[in-house]
1. Among the residues of the stretch 117-134, is any of a type outside the set (A, V, I, L, M), within 18 Å of the chain's Cα centre (by Cα) and at positive phi?
2. Identify the residue in the stretch 16-40 that is modelled with pLDDT under 95 and not aliphatic (A, V, I, L, M) and, among all such residues, is most open to solvent (accessible area, probe 1.4 Å).
3. Could you please find all residues in the stretch 62-76 being under 16 Å from Ile39 (Cα atoms) and charged (D, E, K, R)?
4. Return the residues of the stretch 93-132 that are part of a strand (DSSP E or B), open to solvent by less than 50 Å² (accessible area, probe 1.4 Å) and polar (S, T, N, Q); say none if nothing qualifies.
5. For the stretch 32-80, give me each residue that is assigned to a loop (DSSP other than H, G, I, E, B) and of a type in the set (Val, Ile, Thr).
6. Right, Lys143: touching a strand residue (DSSP E or B) at 6+ places or on another chain (Cβ under 8 Å), assigned to a strand (DSSP E or B), surrounded by fewer than 18 Cβ atoms within 10 Å (Cβ to Cβ) and of a type in the set (D, E, K, R) or not?
Amino acid sequence: MRVVNCVVAPFEALKLSLLALCMSLISLAASAQIAITEIQPIKFPTVLQNSGSSTTVVVNWKGAIGNATNSTLLDNDYYQGRYFITSDGTAPIDINFLSLNNEPLIQLKNFKVRYKNTTYKTFPVLGLENPGAGGEYIDIGAKVVANKKSGQGLKYPQYMLIVDEQ
């Protein structure tokens, strides 16, 4: 029978202890979590494309058509985006919106966000009150602009909602 001794040198033991301490601190810091539930993404109506000029459609955070809309609506199938966020922490949150620019010659811009009875128009918004475990709704509106050279057909401009806890 062969006996094997496992001896950890003092320096190696110190490194292992520091690694264990760092891992425990990382897991503590990573325990706070934001949950985002998409109730509905923003939906724009079907419109008649303008000839000779860009086509603009605005759906505001209340789900209504905005005054900057310059085209004929072909249906009434539109609504604001709505998200429900919760947090198991208490630290302030930041909200950001990004257009993914996934449709050529189509711009998704002028995002407006309604959170806790305040409307925000520039992003990112930093240091907002945490929604807590009970949660809060985020309602969004935006403007979509189709360049006069954009092709006809269905368009699906996409965006990203980012909510971070500080």
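The values are calculated or read from the model by the stated rules, or taken from the named source; none is laboratory data. Since the structure is predicted, the reported quantities are computational estimates derived from the model, not experimental observations. Here the Cβ is made from the backbone with ideal geometry for all residues, glycine too, and neighbour counts use every protein chain on show. SASA here: full protein model, heavy atoms, side chains in, ligands and nucleic acids out. Shrake-Rupley method; radii C 1.70, N 1.55, O 1.52, S 1.80 Å.
1. Yes: the stretch 117-134 contains one or more residues that are of a type outside the set (A, V, I, L, M), within 18 Å of the chain's Cα centre (by Cα) and at positive phi.
2. Among residues in the stretch 16-40 that are modelled with pLDDT under 95 and not aliphatic (A, V, I, L, M), the one most open to solvent (accessible area, probe 1.4 Å) is Gln33.
3. Lys62
4. Passing the criteria: Asn96, Ser99, Thr119.
5. Ile42, Thr46, Thr69, Thr72
6. The answer is no for Lys143.
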